[in-house]
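Okay, so here's the structure we're looking at.
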Amino acid sequence: MSTLAAEKGAVNLGQGFPDFDCDPLLIDVVTDAMKQGLNQYPPMTGVPVLRDAIALKIKALYGHDYNPASEITITAGATQAIITIILAVVHARDEVIVLEPCYDSYVPNIQLAGGVPVRVPLTPGTFRPDFDKISAAITTKTRAIIINSPHNPSGTVWTNADMLKLQDILEGTDVLVISDEVYEHTVYDGLKHQSVTCFPSLAARSFVVSSFGKTYHVTGWKIGYVAAPAALSTEFRKVHQFNVFTVNTPVQYGLAAYMADPKPYLELPAFYQRKRDLFREGLRRTKFKLLPSEGTYFQCVDISQVSDLSETEFCKWLTNEIGVAAIPLSAFYGNGFDQHVVRFCFAKKDATLNNALERLAML
Ligand SMILES: Cc1ncc(COP(=O)(O)O)c(C=O)c1O
């Protein structure tokens, strides 16, 4: 959709990345690190000051203690983190539960590891987890379950009750949890991000994945981390050493310095909630039916009142004829399930959102 949007000069609300720049201070601290000569290979697990800063942040926000030396590893973004986890712990014929719709790398990663993806749908319409279905999908071959809250593409946020339920159904099993928390700092309306790290028995079986790209508006920097108990981190690092080995040194030092101030991530919910509200307000003037957006920077809409086209055909039409790009939700399902829902990204300048809304106003 991004290629088509560029070809047609459409406003690209498809792919999930900001069209505004990061805090200039972040550029300064990374530049300082480069000027100080911090330009050679860092330790395989990441520079200690950044791992320390992450451990402090997790403790402050979620109350969980990770040992930065043995339990936190810096990665080249969340995507590299996820494939590394899967290659480390999923073996031939192991089953891994994925909750669809889901981020597009999960299933190919499981297949690359020789594992078997077991697709469990989130409830169509609400995108809430269906714990009866999840429970029924757990077998003696289940190695792991991948969860993602706040959720791309639906924007739903798991509740405390959801996490307790997950904890409950995994009790007495050896199932690992891969918790994709890249949108941990974009949760709205006073909701709280329910990290697995808030739940000791989940934390003990979990790899937590996060991404600085989402938090600090630098998706192109490709830097994130994995936090996991020492035994799991040891396995993770065996693969990490040979697929990426190390991650950009000056960016790590810069981020460590920048993280000393929690304000940028603490203020992120208010920053994006205002954009979400501006965008929703405009969309209310169309025939789209708005789905809730509790977190992430995505807004899904039901297109049934606007068009009979399939989601994919509708997104092509919208880009070509109206000049706004969106993503069909069917792209996040293995079987292309079409429920007449498309996703817009509102991580954009107000001017971009207003431009898109003017174009959408005719629908
Ligand atoms: C749910 C989810 N996980 C992981 C990623 C990838 O993050 P990164 O850019 O750090 O690899 C994304 C990016 O869109 C995402 O939406």
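General remarks:
- Residue in the stretch 138-191 that is farthest from the ligand (Cβ to nearest atom), counting only those that are assigned to a strand (DSSP E or B), in contact with a helix residue (DSSP H, G or I) (Cβ under 7 Å, 6 or more places away or on another chain) and farther than 20 Å from Phe127 by Cβ: Arg143
- Here Ser206, Ser179, Ser149 are screened, and the one residue that is in contact with an Asp or Glu (Cβ under 9 Å, 6 or more places away or on another chain), among the small types (Gly, Ala, Ser), at pLDDT 95 or above and surrounded by 19 or more Cβ atoms within 10 Å (Cβ to Cβ) is Ser149.
- Exactly one residue out of Thr3, Thr84, Thr79 is modelled with pLDDT under 95, within 24 Å of the chain's Cα centre (by Cα) and under 30 Å from Asn335 (Cα atoms), and it is Thr3.
- Per the listing Asp338, Asp302, Asp350, the residue uniquely of a type in the set (D, E, K, R), in contact with a His (Cβ under 9 Å, 6 or more places away or on another chain) and modelled with pLDDT of 95 or more is Asp302.
- Unmet requirement for Arg119, which otherwise passes all of (1) surrounded by 15 or more Cβ atoms within 10 Å (Cβ to Cβ); (2) without any contact (Cβ under 8 Å) to a residue 12 or more places away in the chain: (2)
- Within the stretch 74-130, being under 15 Å from Asp180 (Cβ atoms), assigned to a strand (DSSP E or B) and touching a Leu at 6+ places or on another chain (Cβ under 8 Å) holds for Leu99, Glu100.
- Of residues in the stretch 24-72 being of a type in the set (D, E, K, R) and loosely packed, with under 14 Cβ neighbours inside 10 Å, the one nearest to the chain's Cα centre (by Cα): Lys59
- Some residue of the stretch 264-275 being assigned to a loop (DSSP other than H, G, I, E, B), closer than 24 Å to Ala81 by Cα and in contact with a helix residue (DSSP H, G or I) (Cβ under 7 Å, 6 or more places away or on another chain): no
- Only one of Gly172, Gly190 that is closer than 27 Å to Gln15 by Cα and without any contact (Cβ under 8 Å) to a residue 60 or more places away in the chain: Gly190
- Among the residues of the stretch 238-258, the one identified as assigned to a loop (DSSP other than H, G, I, E, B) and crowded, with 22+ Cβ neighbours inside 10 Å is Val247.
- When the stretch 306-363 is filtered for residues that are among the acidic types (Asp, Glu) and either within 23 Å of the chain's Cα centre (by Cα) or not in a helix (DSSP H, G or I) (or both), the ones remaining, listed by number, are Asp308, Glu311, Asp338, Asp350.
- Filtered by the rule that a residue be within 13 Å of the ligand (Cβ to nearest atom) and either among the charged types (D, E, K, R) or surrounded by fewer than 21 Cβ atoms within 10 Å (Cβ to Cβ) (or both), the stretch 84-106 gives Glu100, Tyr103, Asp104, Ser105.
- Residue within the stretch 47-62 that is away from the ligand (no atom under 16 Å from the Cβ) and in a loop (DSSP other than H, G, I, E, B) present: yes
- So Gly213, is it within 26 Å of Glu267 (Cα to Cα) and either more than 11 Å from the ligand (Cβ to nearest atom) or assigned to a helix (DSSP H, G or I) (or both): yes
- Within the stretch 289-318, the residues that satisfy the criterion of being surrounded by 24 or more Cβ atoms within 10 Å (Cβ to Cβ) and out of contact with any Phe, Trp or Tyr (no Cβ under 9 Å at 6 or more places or on another chain) are Cys315, Leu318.
- Residues of the stretch 216-230 that are more than 9 Å from the ligand (Cβ to nearest atom) and in a loop (DSSP other than H, G, I, E, B): Tyr216, His217, Val218, Ala228, Pro229.
- Any hit, the stretch 9-17, residues being on the phi < 0 side of the Ramachandran plot and away from the ligand (no atom under 16 Å from the Cβ): yes
The values are calculated or read from the model by the stated rules, or taken from the named source; none is laboratory data. All values reported here derive from a predicted model rather than from experimental measurement. Backbone-built Cβ (ideal geometry, glycine too); neighbour counts: all protein chains shown.
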